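Participant: What follows is a single structure, and I will ask about it in a moment.
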Amino acid sequence: MALLASMGHVQLLNCARGQATTISALQDFAQHNENLILLLQEPWIDRHGNPPSLPDFGTFTPTPRKPRCATYVRHTPGLTATTTFTATDLFLGTTITTPHDQEFTLLNFYSPGCAEPLAAILPTIHLPGNCILMGDLNAHHPWWQGPLLPTVRVSSASQAIADWLEDNNFHLEYEPSIPTHHPRNGGRHFESSVTAFETQLAITYLKYGTSVGPDNISYGTLRRFHDVDPHLLPHLFTACLRYAAHPPEWKTVNCVVVPKSGKKSYSHPKSYRPISLQSCFGKLLESIVAKQLSHTARMCGVTHPSQMGAQPENSAVDALLRTITPIANSISKKKSTNKNPTRPAVLTYDIEGAFNQVHPETL
């Protein structure tokens, strides 16, 4: 029997060559002992051309250097893994033998940019009895992508892949015609959702006692809403995201002008700070979406590892240590060698009114 997609404790991810994405995916996967096998496409590689290693895992790649895919198998008593098939740097077959002497083969692949590379490789494969085919097809087809936009056509290579899968008795592990990937290039509207757990987590960290917006509904009221019906707010927020709707009432604010402390004179407008009091509904939804965007940015590797703001497990202490450590190392090197190393220097700057100067369309 041949399978397409996923099996229990087996996961895959295209890392888009991002260092932060690759490392965070490996660390997160390794934290859970039930996770056995991780398949990566486009992993980050170091300057020697090697993907990161993972303690307690065996690493399998189609080529010794600069592989386009990698398979990680946890060292488990009675579980063995061997490479049985490779094709250039794009395709890797790893045969897994379980403690009960059952065998199956994991086919990990990356088809760069289009379906043609994969379509050319598949006919050359001698399929074993049991296998799982997982990877990044880069091929448009209704079988695994759902209904296509009128501007998207099924290429001959994509159809060849679908025909090969059907001829070899592959079947989808998920429901056919359900999209498995939402592209980030605007080709398809991304339908997000809000879960009851996300809502509960956001409500837990709300600052109660703050001023309310024009609707006079407080955070305490929202918390009681959620306690009575945990699905009410998630359904409301999910509908807002899926239909790209933000109620006008949530955009209306009460503007309160507060004098800044320590000013010699309050005759100048800059001596005051305007504060906008928004609807607690809108602010709760914004806090949930902000966490989702932050998580997606980290997984896609678009945030730099040195970014401290709005990043979990990063704080002012981490920023201070990253600044002090190289300075201390430089001073220590000077004392130990009696040589004058490069003098450490720190450049800091602050942009006045940075948020107000951001162009909305550019952002």
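Participant: What dipole magnitude, in Debye to the nearest 20, does the stretch 1-130 give about its Cα centre under +1 on Lys/Arg Cβ and -1 on Asp/Glu Cβ?
Facilitator: Its charge dipole is roughly 340 debye.
Participant: Along the charge dipole of the stretch 45-105, Cβ charges K/R +1 and D/E -1, which of THR80, PRO52, THR98 sits furthest on the positive end?
Facilitator: PRO52
Participant: Rounded if a/c is under 1.5, else prolate if a/b is larger than b/c, else oblate: which is the stretch 1-140, with a ≥ b ≥ c the root eigenvalues of its Cα gyration tensor?
Facilitator: oblate
Participant: Could I ask something else about it? If you roll a 1.4 Å probe over the heavy atoms of the protein chains, what accessible area per residue do you get for the chain, in Å²?
Facilitator: Averaged over the residues of the chain, the accessible area is 63 Å².
Participant: Per DSSP H run of at least 4 residues, take -39500 (n - 2.57); add these up for the chain, divide by its residues and hand me the 222 nm value, nearest 500 deg cm²/dmol.
Facilitator: Values: 11 runs with 114 residues, N = 363.
Counting only the DSSP helices, I get -9500 deg cm²/dmol.
Participant: Taking the Cα centre of the stretch 255-321 as the origin, how large is its charge dipole in debye, to the nearest 20, when only Lys and Arg (+1) and Asp and Glu (-1) carry charge on their Cβ atoms?
Facilitator: Details: 8 positive and 3 negative charges, 101 e Å.
For the stretch 255-321, the charge dipole is close to 480 debye.
Participant: Moving on. What do you get when you divide the Cα radius of gyration of the chain by 2.2 N^0.38 Å, with N the number of residues?
Facilitator: Numbers: Rg = 26.5 Å, N = 363, 2.2 N^0.38 = 20.7 Å.
Compactness ratio reported: 1.28.
Participant: Using a ≥ b ≥ c from the Cα gyration tensor of the stretch 98-144 (square roots of the eigenvalues), is it rounded, prolate or oblate, where a/c under 1.5 gives rounded and otherwise the larger of a/b and b/c decides, a/b for prolate? Each step should come with its number before you reach the end.
Facilitator: On the way: a/c = 2.71, a/b = 2.13, b/c = 1.27.
Prolate.
Participant: Continuing with the same structure: So, by mean Cβ neighbours within 10 angstrom, what's the order for 116-127, 317-328, 279-290, 220-231 with the highest one leading? Intermediate values should be presented prior to the final figure.
Facilitator: Numbers: 116-127: 16.2, 317-328: 11.8, 279-290: 18.7, 220-231: 13.9.
Answer by packing, highest mean first, reads 279-290, 116-127, 220-231, 317-328.
Participant: Please compute the length gained on full extension between SER53 and ASP167, using 0.36 nm multiplied by the number of residues separating them and subtracting their Cα-Cα distance. Mind showing how you got there, number by number?
Facilitator: Numbers: separation 114, 0.36 × 114 = 41.04 nm, distance 3.68 nm.
Full extension from SER53 to ASP167 adds 37.4 nm.
Participant: Then there's this: Using only the Cα atoms of the stretch 59-138, what semi-axes does the equivalent ellipsoid have when each is the square root of 5 times a gyration tensor eigenvalue? Give whole Å, largest first.
Facilitator: Computed over the stretch 59-138, the values are 23, 14, 9 Å.
Participant: Roughly what angle does helix 232-242 make with the longest principal axis of the chain, taking Cα atoms, 0 to 90 degrees, to the nearest 10?
Facilitator: 70
Participant: By what distance, in whole Å, do the Cα atoms of the stretch 260-314 stretch along each of the three principal axes, largest value first?
Facilitator: Sorted from largest, the Cα extents of the stretch 260-314 read 49, 31, 17 Å.
Participant: Hey, what angle do you get for helix 156-167 against the long axis of the chain, alpha-carbon based, 0 to 90 degrees rounded to 10?
Facilitator: Helix 156-167 and the main axis of the chain meet at about 60 degrees.
Participant: Tilt of helix 19-30 relative to the longest C-alpha principal axis of the chain, in degrees (0 to 90, nearest 10)?
Facilitator: 70
Participant: Another question about this same structure. Under Stokes-Einstein, with the Kirkwood radius over Cα pairs standing in for Rh, what whole-number D in µm²/s applies to the stretch 220-332 at 10 °C and 1.306 mPa s?
Facilitator: Details: Rh = 18.6 Å.
In µm²/s, the coefficient rounds to 85.
Participant: Place a +1 charge on the Cβ of each Lys and Arg in the chain and a -1 charge on the Cβ of each Asp and Glu, then give the dipole magnitude about the Cα centre in debye, rounded to the nearest 20. It would help to have the intermediate numbers written out before the result.
Facilitator: Working: 28 positive and 27 negative charges, 507 e Å.
The dipole magnitude comes to about 2440 debye.
Participant: Sorted by average packing, counted as other Cβ atoms within 10 angstrom per residue and highest first, what order do 241-251, 52-62 take?
Facilitator: Result, highest mean Cβ count within 10 Å first: 52-62, 241-251.
Participant: I'd like the FRET efficiency for LEU320 and LEU277, computed as 1/(1 + (r/R0)^6) with the beta carbon distance as r and R0 of 51 Å, rounded to 0.05. Mind dumping the intermediate values first?
Facilitator: Working: r = 34 Å, r/R0 = 0.67.
Efficiency, from the Cβ-Cβ distance: 0.90.
The values are calculated or read from the model by the stated rules, or taken from the named source; none is laboratory data. All of these numbers come straight from a predicted model, not from anything done at the bench. We place every Cβ from the backbone using ideal geometry, glycine too, and count neighbours over all the protein chains shown. With ligands, DNA and RNA removed, areas are computed over all heavy atoms of the protein, side chains included. Shrake-Rupley method; radii C 1.70, N 1.55, O 1.52, S 1.80 Å.
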